[in-house]
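A short write-up of the structure that comes next.
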Amino acid sequence: MTIRPHTTRQLLLDVAERLYAERGVNGVSLREIGAAAGQRNTGAVRYHFGSKPQLLEAVIARRMAPANEARASFLAEAEAEAGEGAALTTRTLVEALVLPLGAQLGEPGRPSWYLRFLAQAFSDREVGRLISELRYGQGRTALWTEVQERVLARLDWLPPERRHERWMFLASFVTHALADRESLIATAPSGPLTPHDDFVAHVVDVGLAIITRP
């Protein structure tokens, strides 16, 4: 059976996301990704994506797009409920950050790797820069940045140099908390997991405390 190019591309993205999540962004080569995806051509990844940065961009963009579509819908609904001209609560802004990412968590028997990939990626300066560039892009991908700017505007009681630091505490906590949850799901622990909605709500609660506590 011949694998269509579109299917091959998606397979390579799946494998790259998993291997980067498991071994780190610098712990796996493009050739290893191709081999793990069952590609005989050692240059399969370069054929479909061109380079490692372009592969990373594709991995991030395909997850970021649906997350930001969900974020856009959430913000629109929240603003409609709040009424014209009313400011959204800080909790709502933290929910807009957390909920779309939480929705990408897998479940027992159907694991995901994206949150662990993000946790690995954020530890690499160059990949972090790439993610920032995507988030500052046009359209849906800029919504993370919009939420960030709205949250920072609530921190006017902090010195300017501390505001961005507080945001980074929030972003790091959310990413790693969800990545840890994803890892627990993947390893199928013998004990029951906290229900998904309860866990995500707890992440929102702690994230809100990070932002609002003196």
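Condition check ((1) farther than 18 Å from residue 75 by Cα; (2) under 14 Å from the mean Cα position of the chain (by Cα); (3) at pLDDT below 85) across all residues:
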{"residue": "123", "(1), (2), (3)": "yes, yes, yes"}
{"residue": "131", "(1), (2), (3)": "yes, yes, yes"}
{"residue": "135", "(1), (2), (3)": "no, yes, yes"}
{"residue": "143", "(1), (2), (3)": "no, yes, yes"}
{"residue": "146", "(1), (2), (3)": "no, no, no"}
{"residue": "152", "(1), (2), (3)": "no, no, no"}
{"residue": "186", "(1), (2), (3)": "yes, no, no"}
{"residue": "199", "(1), (2), (3)": "yes, no, no"}
{"residue": "204", "(1), (2), (3)": "no, no, no"}
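Could you please let me know if residue 171 is at pLDDT 90 or above, open to solvent by less than 50 Å² (accessible area, probe 1.4 Å) and either among the small types (Gly, Ala, Ser) or assigned to a loop (DSSP other than H, G, I, E, B) (or both)? Outline the logic, then answer.
Working: at pLDDT 90 or above: yes; open to solvent by less than 50 Å² (accessible area, probe 1.4 Å): yes; either among the small types (Gly, Ala, Ser) or assigned to a loop (DSSP other than H, G, I, E, B) (or both): yes.
Spelling it out, residue 171 is indeed at pLDDT 90 or above, open to solvent by less than 50 Å² (accessible area, probe 1.4 Å) and either among the small types (Gly, Ala, Ser) or assigned to a loop (DSSP other than H, G, I, E, B) (or both).
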Task: Tally, over the range 143-163, of residues that are part of a helix (DSSP H, G or I) and in contact with a helix residue (DSSP H, G or I) (Cβ under 7 Å, 6 or more places away or on another chain) - done: 9
Open item on the list: For the structure I just gave you, tell me whether residue 9 is under 28 Å from residue 110 (Cβ atoms), under 20 Å from the mean Cα position of the chain (by Cα) and either at pLDDT below 95 or surrounded by fewer than 14 Cβ atoms within 10 Å (Cβ to Cβ) (or both).
Closed with: no
TODO: Residues that are within 30 Å of residue 207 (Cα to Cα): find the helices (runs of 4 or more DSSP H) completely inside the range 29-99 holding 1 or more of those.
DONE: 52-82
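Hey, among 181, 166, which residue is open to solvent by less than 60 Å² (accessible area, probe 1.4 Å), of a type in the set (D, E, K, R) and within 16 Å of residue 99 (Cα to Cα)? Talk me through it step by step, then tell me what you get.
Details: 166 fails: within 16 Å of residue 99 (Cα to Cα).
On inspection, the qualifying residue turns out to be 181.
Hey, could you check the range 191-214 for residues that are outside any helix (DSSP H, G or I) and under 18 Å from residue 106 (Cβ atoms) and say which is most open to solvent (accessible area, probe 1.4 Å)? Walk me through it before giving the result.
Of all residues in the range 191-214, those outside any helix (DSSP H, G or I) come to 191-195, 213-214.
Checking which are under 18 Å from residue 106 (Cβ atoms) leaves us with 191-195.
Numbers: 191: 35, 192: 132, 193: 55, 194: 73, 195: 77 Å².
The qualifying residue most open to solvent (accessible area, probe 1.4 Å) is 192.
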Task: Which numbered condition residue 26 fails, given (1) open to solvent by less than 20 Å² (accessible area, probe 1.4 Å); (2) touching a residue at least 60 places away in the same chain (Cβ under 8 Å); (3) assigned to a loop (DSSP other than H, G, I, E, B) - done: (1)
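The values are calculated or read from the model by the stated rules, or taken from the named source; none is laboratory data. If you're wondering where the values come from, they're calculated on a predicted model, not measured in any experiment. Here Cβ is always computed from backbone atoms with ideal geometry, including for glycine, and neighbour counts include all displayed protein chains. For accessibility, only protein heavy atoms count, side chains too; no ligands or nucleic acids. Shrake-Rupley method; radii C 1.70, N 1.55, O 1.52, S 1.80 Å.
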